[in-house]
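Input: a single structure, listed below in structure tokens.
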């Protein structure tokens, strides 16, 4: 999201330095990965039925050797460590992650739609349809925002008791491992800042598309 945002606000920096094509290639690559993380995009109601896959390299819920326990090059770390996949559902939502992905998708769609012409003639992009890809990112972003907003749950406030804070933190640490077991994978932030950011970029992207 931050990379895309920088190109939304200051595109001339990338254009004048001849780096816009490099930025677009990276945004397209990572968003293709994000698209694959939404497991059932054809579901009828994303607020209750959506499932999202995430990776976890943390210490909780992962048997040793864990990626955070080993210093190794990113290109080979997956060969030497356990990096299981987890699922986020309505029962185990972890809403900060869908919100962050949605923000990245919406912001990236704006940059890709506006500057895709710099990819003309580059190998691998001969048949790339920028508008279609940007529209797909917007559709997925909207589903993720709906899911995250509907399943955000309680947030930690200044007037919450220590017991209330601990209960909220414990619930947010949960995720559904691929073997069907719900395990703790580490505390995550409250989702509302990410959901708000995603909704803001989603609105900007829709306005830009319709102009």
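The values are calculated or read from the model by the stated rules, or taken from the named source; none is laboratory data. This structure is a prediction, so every number in the text was calculated from the model and none was measured. Heads up, the Cβs are rebuilt from the backbone with ideal geometry, glycines too, and the neighbour counts pull from every protein chain shown.
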- Checking residue 22 against (1) in contact with a helix residue (DSSP H, G or I) (Cβ under 6 Å, 6 or more places away or on another chain); (2) surrounded by fewer than 18 Cβ atoms within 10 Å (Cβ to Cβ); (3) over 29 Å from residue 176 (Cβ atoms), which test does it fail? (1)
- Given (1) farther than 24 Å from residue 25 by Cβ; (2) without any contact (Cβ under 8 Å) to a residue 12 or more places away in the chain; (3) part of a helix (DSSP H, G or I), where does residue 71 come up short, assuming only one miss? (3)
- Query: Are any residues in the stretch 90-103 within 11 Å of residue 54 (Cα to Cα) and part of a loop (DSSP other than H, G, I, E, B), and if so, which ones?
  - Reply: 94
- Note on the structure: From the option list 32, 66, single residue qualifying as without any contact (Cβ under 8 Å) to a residue 24 or more places away in the chain and within 19 Å of the chain's Cα centre (by Cα) is 32
- Message: For the stretch 67-96: of the residues being surrounded by fewer than 16 Cβ atoms within 10 Å (Cβ to Cβ) and at pLDDT 85 or above, which is nearest to residue 177 (Cα to Cα)?
- Response: 91
- Query: Checking residue 64 against (1) modelled with pLDDT of 80 or more; (2) surrounded by fewer than 16 Cβ atoms within 10 Å (Cβ to Cβ); (3) not in a helix (DSSP H, G or I), which single condition isn't satisfied?
  - Reply: (1)
- Message: Looking for something under 22 Å from the mean Cα position of the chain (by Cα), more than 18 Å from residue 34 (Cα to Cα) and either assigned to a helix (DSSP H, G or I) or modelled with pLDDT under 95 (or both) - is there at least one such residue anywhere in the stretch 116-132?
- Response: yes
- Note on the structure: Scanning the stretch 136-158 for residues that are farther than 15 Å from residue 27 by Cβ and either part of a helix (DSSP H, G or I) or modelled with pLDDT of 95 or more (or both) gives 139, 142, 143, 144, 145, 146, 147, 148, 149, 150
- Does the stretch 180-190 contain at least one residue that is modelled with pLDDT of 80 or more, exposed (fewer than 14 other Cβ atoms within 10 Å of the Cβ), closer than 30 Å to residue 12 by Cβ and more than 17 Å from the chain's Cα centre (by Cα)? no
- Message: When you scan the stretch 26-43, do you find a residue that is outside any loop (DSSP other than H, G, I, E, B), in contact with a strand residue (DSSP E or B) (Cβ under 7 Å, 6 or more places away or on another chain) and closer than 19 Å to residue 86 by Cα, even just one?
- Response: yes
- Message: It is to be established whether one or more residues within the stretch 44-54 are surrounded by fewer than 20 Cβ atoms within 10 Å (Cβ to Cβ), more than 27 Å from residue 207 (Cα to Cα) and free of Cβ contacts under 8 Å to residues at least 40 places away in the same chain.
- Response: yes
